[in-house]
Structures are given as C-alpha cells and as structure tokens.
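**Q** I have a structure here, written as structure tokens, and I will follow up with some questions on it.
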C-alpha cells in the first residue's frame, strides 16, 4: 500500500463543476468564470444563482431569486425560540452551528433531498443565515434588529443589521464584493465535511451544520479574527516590523499568510488589499491598512509568504464596523452559497465517501482472558 497522504494533500476526493483553483498560477474560478471577472462586477445574489443553479442569471432570473431570498428570511418557530437561549451563553460560531441545525426542524422540505427541494432549501439557508447572525448580535447587545430595506441587497442589509446604520453605496458595494470573494473555494475542509455528510444521503441542514462545525475550528475559520487581534496588539505602523520580527524569531505563526493550495498570491487577497486601502480612507482609519501593508512586507522579506484571503479581510471588516468576533460568521454567510451548491451536486450524483486508512497499531495479538492477565 502506498504511504497515506497526510491531510489528504493532493488527493482528488470528488469531481465538481462548481469551482476550480490553479494554485501555481493563482487562479480561482466559479463555474469557469475567473474571480477577477466577477469581483466588483457581479453581485452576491448573481453568484448565488451561478453556484446553486449553474449559470449567471438574466435580469428576470435575478429578480426572481431576489424575491425568493426576501420571502425566505422568516425563521421557523424552533430557531426563534433557540436564538435568545444561545445568544446569552454561546460564541458566534457555536451559536450559528446550533441555530442552523434548529432551522431544519421547521423546514417544509426537511425530509426531501430531491433537486427541487434542495433548490428551495438552499435559497432559504442563504437568506436565513444573515437573519440568524443579526438576531444573535442584537440579542447579546440588547439592540433591536433593523428591518431589512427592500431596496438593499443581502450584503447591504446584513451590514445595516450588524452596525445599525444604513451603509453608503461604496460600503455596501465593498461588502458585497467580500461575499462574492468568499462564496466558494473548491474542496476546503468545511466543504468536504458538508459533502461527506451529504454523501450518506443526510439532509442539507445536517450537511451545512457539519460545515459550520468544521469552519469553527481555528485551523480553518478564525484566521481573520486573529489577524485583527495581532494588528491591535501592535502600537502603530512604525512598530510593525520589530513586532513581527520578534514573533517570527520566537517561532510564532503570523495568521493570514500562506495557503495549502496557492503558491503565489491568493487572487482574493488582491481585491481585498484594494478594498482595505479604500475603506480605511473612507472610515478615517487608514492605520489598519498601513499596518497590514507593513506586515505583509516583513513577512514576505522574512518568510517569503503571500497574504491569503483572511489577511486583508480583517482590516476591511474593521473599516465596515463589523465586530471582530463576527468576522468568521460573516465568512459563513458568504460560504453558505458554496456549501449548499456542493450538497446539491453531491446528492445529484452520489456515492458514499469512504476513504481507506493505514493501520499503524499493534500487530496481531492473542486474547488473554481477564483472570489470566
């Protein structure tokens, strides 16, 4: 038997038509569209249609999907009852894991994995996760959740609900672009978890709950939060280089750099760097971008590592007024589009995912009865 691949590195675990990565060239595409052609040009709702339904929508299709998302926001009774309970005692990702699971109890299609039912559930989950996140944040802060505004898209309405202020057009467009950039990323850990669950013919809510539980782990989600906390621990731009060199000399990892797949710059980081600079100026908080740019230079000089998607996302979210501990949940709001698309794809051409393993334990041993041991 060949030696196992640690972490399944370079093992092809599934065929997919949803997204693709060329790590050497630094290319990410959604259903054949390069991310550079989508970011800043297609809205998140268009990407939801592309990922879940296979094509960029016509105007009529986009209007229909937007109406579906608006009508799908209402939470079931179970999630509504659970929300105040978890808001008082659970962290954001812990809460979302429980709340998304609770949505499944009241979903009218919960026992149906047909393509039509999965399409309906996928739209509901994309619509309801922002409502859960906004409700969780309101419960823990004692604030009222603003009513969604019909003229705003999903990104702008979520920003309104988190910050309590109607975002400017530039802020809304920037946040929408963030959701586009994070919507899917091939066979990452959370997507793989969702597909493994779906491959047992479990339902979509179970599969995306598995994805959320996987994203909660600090080796997958949470890096953007850690980037922000590192920036906050440094006293200004001039202090970045000595602080980062001290951390690296001490053997500590700087979060937000390097990637298991990309050998050059993460193409999503290219866009987020630009957003970080522009939004920092708009918010009057340019220091977070300037510190990030200084940190990027030091890490490249010392370690030769490029920033990944999490690095500049931190300063972008800070400039938009998003609390640090909601950075990863916001990522989940975006990635729900990809997770649900992968569940649809898995159910459409399913085979149970059951890899082999290499046994490294004791060789064959003779059993000894208890009284003779």
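**Q** So, in the stretch 167-213, exactly how many residues are part of a helix (DSSP H, G or I) and out of contact with any helix residue (DSSP H, G or I) (no Cβ under 7 Å at 6 or more places or on another chain)?
**A** 4
**Q** Next question, about the same structure. Filter the stretch 214-244 down to residues that are within 16 Å of the chain's Cα centre (by Cα) and outside any helix (DSSP H, G or I) and give me whichever is surrounded by the most Cβ atoms within 10 Å (Cβ to Cβ).
**A** Result: 221.
**Q** Next up: More than 13 Å from the chain's Cα centre (by Cα), at pLDDT below 95 and either surrounded by fewer than 23 Cβ atoms within 10 Å (Cβ to Cβ) or part of a helix (DSSP H, G or I) (or both): does that describe residue 150?
**A** Yes: the conditions hold for residue 150.
**Q** For the condition out of contact with any strand residue (DSSP E or B) (no Cβ under 6 Å at 6 or more places or on another chain), surrounded by fewer than 24 Cβ atoms within 10 Å (Cβ to Cβ), in a helix (DSSP H, G or I) and outside the structural domain of residue 65 (by TED's automatic domain parsing), what is the one hit in 356, 301? Walk me through how you get there before you give the answer.
**A** Working: 356 fails: in a helix (DSSP H, G or I).
301 is the lone residue from the list that is out of contact with any strand residue (DSSP E or B) (no Cβ under 6 Å at 6 or more places or on another chain), surrounded by fewer than 24 Cβ atoms within 10 Å (Cβ to Cβ), in a helix (DSSP H, G or I) and outside the structural domain of residue 65 (by TED's automatic domain parsing).
**Q** Now for a separate question. For residue 247, indicate whether it is part of a helix (DSSP H, G or I), under 22 Å from residue 327 (Cβ atoms) and at pLDDT 95 or above.
**A** Answer is no for this residue.
**Q** Determine whether residue 48 is under 28 Å from residue 202 (Cα atoms), under 20 Å from the mean Cα position of the chain (by Cα) and part of a helix (DSSP H, G or I). Working first, answer last.
**A** Details: under 28 Å from residue 202 (Cα atoms): yes; under 20 Å from the mean Cα position of the chain (by Cα): yes; part of a helix (DSSP H, G or I): yes.
When the stated conditions are applied, residue 48 passes them.
**Q** Restricting to the stretch 298-313, and then to whatever is without any contact (Cβ under 8 Å) to a residue 60 or more places away in the chain and touching a helix residue (DSSP H, G or I) at 6+ places or on another chain (Cβ under 8 Å), can you tell me which residue is farthest from residue 331 (Cα to Cα)?
**A** Start the filter on the stretch 298-313 by keeping residues that are without any contact (Cβ under 8 Å) to a residue 60 or more places away in the chain, which leaves 298-307, 312.
Filter once more, keeping what is touching a helix residue (DSSP H, G or I) at 6+ places or on another chain (Cβ under 8 Å): 298-299, 302-303, 305-307, 312.
Working: 298: 27, 299: 24, 302: 29, 303: 27, 305: 23, 306: 20, 307: 17, 312: 13 Å.
Selected residue: 302.
**Q** Let me ask something else about it. Considering the stretch 26-39 alone, what residues qualify as being at pLDDT 95 or above and assigned to a loop (DSSP other than H, G, I, E, B)? Spell out the reasoning first.
**A** Just the residues of the stretch 26-39 that are at pLDDT 95 or above, to begin with: 27-39.
Those that are at pLDDT 95 or above and assigned to a loop (DSSP other than H, G, I, E, B): 31, 32, 39.
**Q** Another one. Suppose the filter is part of a helix (DSSP H, G or I), over 25 Å from residue 18 (Cβ atoms) and not assigned by TED's automatic domain parsing to the domain that holds residue 56; does residue 276 pass it?
**A** yes
The values are calculated or read from the model by the stated rules, or taken from the named source; none is laboratory data. Please read these numbers as outputs of a predicted model, since none were measured by experiment. Virtual Cβ from ideal backbone geometry, glycine too; neighbours counted across all protein chains shown.
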